[in-house]
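The values are calculated or read from the model by the stated rules, or taken from the named source; none is laboratory data. Bear in mind the structure is a predicted one, so any value in this text is a computation, not a measurement. Positions of Cβ are backbone-derived with ideal geometry, glycine not excepted, and every protein chain shown enters the neighbour counts.
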Amino acid sequence: MACLFLTLISNVGGSGSVASAWVQGTSTNRVPMSRNWGANWQSLAGIAGQALTFGVTTTGGQTIIFQNVVPPNWAFGMSFMSNLQFSY
């Protein structure tokens, strides 16, 4: 079942702003995300119960893939962080 999945992508620093993003579960293909409002990105994807990987591309042209940054036991309302950073 697909549900609205909303995530906040923040602190991309001096490399620009977020130009595009996608999410991928351990059992699904990449699903593009669309900007909801501000730094919030959304997707209608059936990704519950899966570890999640995100790809983020900045307006400066840099892409970082945040591999399995969210564990499979995640629940709506939880927060997760990564130490990966864009360079500028």
If we take the stretch 6-88, then strands (runs of 3 or more DSSP E) inside it with 3 or more residues that are of a type outside the set (D, E) and free of Cβ contacts under 8 Å to residues at least 24 places away in the same chain are 31-37, 63-70
Within the stretch 16-53, work out how many residues are within 14 Å of Q67 (Cα to Cα) and modelled with pLDDT under 90.
0
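Do we find a residue being under 12 Å from the mean Cα position of the chain (by Cα), modelled with pLDDT of 90 or more, crowded, with 17+ Cβ neighbours inside 10 Å and not aromatic (F, W, Y) anywhere in the stretch 70-77? Let's see the steps before the verdict.
So the first thing to find is which residues in the stretch 70-77 are under 12 Å from the mean Cα position of the chain (by Cα), and the list is 70.
Filter once more, so that each one left must be modelled with pLDDT of 90 or more: 70.
Among the residues that remain, those that are also crowded, with 17+ Cβ neighbours inside 10 Å are: 70.
Filter once more, so that each one left must be not aromatic (F, W, Y): 70.
Scanning the stretch 70-77 turns up at least one residue that is under 12 Å from the mean Cα position of the chain (by Cα), modelled with pLDDT of 90 or more, crowded, with 17+ Cβ neighbours inside 10 Å and not aromatic (F, W, Y).
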Only one of (1) in contact with a Ser or Thr (Cβ under 7 Å, 6 or more places away or on another chain); (2) crowded, with 16+ Cβ neighbours inside 10 Å is not met by T53, so which one is it?
(1)
